[in-house]
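The values are calculated or read from the model by the stated rules, or taken from the named source; none is laboratory data. From a predicted model like this one, the values you see are computed outputs, not experimental measurements. Positions of Cβ are backbone-derived with ideal geometry, glycine not excepted, and every protein chain shown enters the neighbour counts.
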């Protein structure tokens, strides 16, 4: 498989998609809800996913597409080549802020991440990686990640998870928040994983994410020596929703051993 050839096409398409999104900034969006009133989707989410599907199927007809908005293939396994796409990760931010959102695109082969692309559209920053070849931002190599202690760390974490909620025992997360240097929340899993990759934050924790939220980020972080698992420390399968811990080396295992191991994630 010529991954550099596929990567070249993917980069071209993600930049074109970014142009389409920027062109929509001064237009009225058609906004709908999905699973709940805060789970939003716009006409642009749908149009961008269909744009990618048309490009992929037109150039790589044997490849399958796993997309958030459901216009791709019915994916029950990751056999062969599968593109995993979130056309706009952080739709609420896109609607309210026109920033803090990203296009997330990954290409997997037989369950292994081969290409990861995350495009911060508002800032014109493309984060990209090919398995085994390092990770980059707009062509500039990103340095490998260094170890950090919890007390030195900034952790990306939604405030929901330290409030009483029906998914987890929030009391397990509170000590981690107290011990960390600080916490941040950006409302977009793709960019929060980019921020781990670039060292802007040291770890990112979430309780429930879909494959298209994290597939590209997992490829990029892995190229830099970071670790991406669920909160039990187990391997992600990229077919179902799961919890997530993405962190610098060393810090990842410390968080699991010292804070998360008693949790029923």
| Can you tell me which residues in segment 198-210 are farther than 23 Å from residue 140 by Cα and crowded, with 24+ Cβ neighbours inside 10 Å? | 204
| query | Filter segment 225-237 for residues that are buried (at least 21 other Cβ atoms within 10 Å of the Cβ) and at pLDDT 95 or above; which is farthest from residue 146 (Cα to Cα)? | reply | 228
| task | Return only the number of the condition from (1) modelled with pLDDT of 95 or more; (2) in contact with a strand residue (DSSP E or B) (Cβ under 7 Å, 6 or more places away or on another chain) that residue 179 does not satisfy. | result | (2)
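Please indicate, with yes or no, whether at least one residue in segment 67-76 is part of a strand (DSSP E or B), in contact with a strand residue (DSSP E or B) (Cβ under 6 Å, 6 or more places away or on another chain) and closer than 19 Å to residue 236 by Cβ.
Taking segment 67-76 first, the residues part of a strand (DSSP E or B) are 67.
Checking which are in contact with a strand residue (DSSP E or B) (Cβ under 6 Å, 6 or more places away or on another chain) leaves us with 67.
From what's left, closer than 19 Å to residue 236 by Cβ: 67.
There is at least one residue in segment 67-76 that is part of a strand (DSSP E or B), in contact with a strand residue (DSSP E or B) (Cβ under 6 Å, 6 or more places away or on another chain) and closer than 19 Å to residue 236 by Cβ.
Any residue at all in segment 39-61 that is assigned to a loop (DSSP other than H, G, I, E, B), modelled with pLDDT under 85 and within 21 Å of the chain's Cα centre (by Cα)?
Start the filter on segment 39-61 by keeping residues that are assigned to a loop (DSSP other than H, G, I, E, B), which leaves 39, 60-61.
Among the residues that remain, those that are also modelled with pLDDT under 85 are: 39.
Filter again for within 21 Å of the chain's Cα centre (by Cα), leaving 39.
Yes, because at least one residue in segment 39-61 is assigned to a loop (DSSP other than H, G, I, E, B), modelled with pLDDT under 85 and within 21 Å of the chain's Cα centre (by Cα).
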| query | Any idea how many residues of segment 64-81 are surrounded by 15 or more Cβ atoms within 10 Å (Cβ to Cβ) and touching a residue at least 60 places away in the same chain (Cβ under 8 Å)? | reply | 6
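Collect the residues in segment 159-184 that are farther than 16 Å from residue 247 by Cβ, without any contact (Cβ under 8 Å) to a residue 60 or more places away in the chain and either outside the structural domain of residue 207 (by TED's automatic domain parsing) or surrounded by 18 or more Cβ atoms within 10 Å (Cβ to Cβ) (or both), keeping them in residue-number order. Steps first, please.
Here is the first cut: in segment 159-184, the residues farther than 16 Å from residue 247 by Cβ are 159-160, 162-172, 174-175, 178.
This time we only want the ones that are without any contact (Cβ under 8 Å) to a residue 60 or more places away in the chain, so: 159-160, 162-167, 170-171, 174, 178.
If the condition is that a residue be farther than 16 Å from residue 247 by Cβ, without any contact (Cβ under 8 Å) to a residue 60 or more places away in the chain and either outside the structural domain of residue 207 (by TED's automatic domain parsing) or surrounded by 18 or more Cβ atoms within 10 Å (Cβ to Cβ) (or both), then 162 is the only one that fits.
When segment 140-195 is examined, which residues are found to be in a strand (DSSP E or B), farther than 15 Å from residue 207 by Cα and within 19 Å of the chain's Cα centre (by Cα)? Explain how you work it out, then say what you get.
So the first thing to find is which residues in segment 140-195 are in a strand (DSSP E or B), and the list is 140-141, 154-157, 182-184.
Right, trim to farther than 15 Å from residue 207 by Cα and you get 140-141, 154, 182-184.
154, 183, 184, listed by residue number.
Is it true that residue 129 is on the phi < 0 side of the Ramachandran plot, crowded, with 20+ Cβ neighbours inside 10 Å, modelled with pLDDT of 95 or more and not assigned by TED's automatic domain parsing to the domain that holds residue 90? Step through it out loud before you land on a result.
On the way: on the phi < 0 side of the Ramachandran plot: yes; crowded, with 20+ Cβ neighbours inside 10 Å: yes; modelled with pLDDT of 95 or more: yes; not assigned by TED's automatic domain parsing to the domain that holds residue 90: no.
No, not satisfied.
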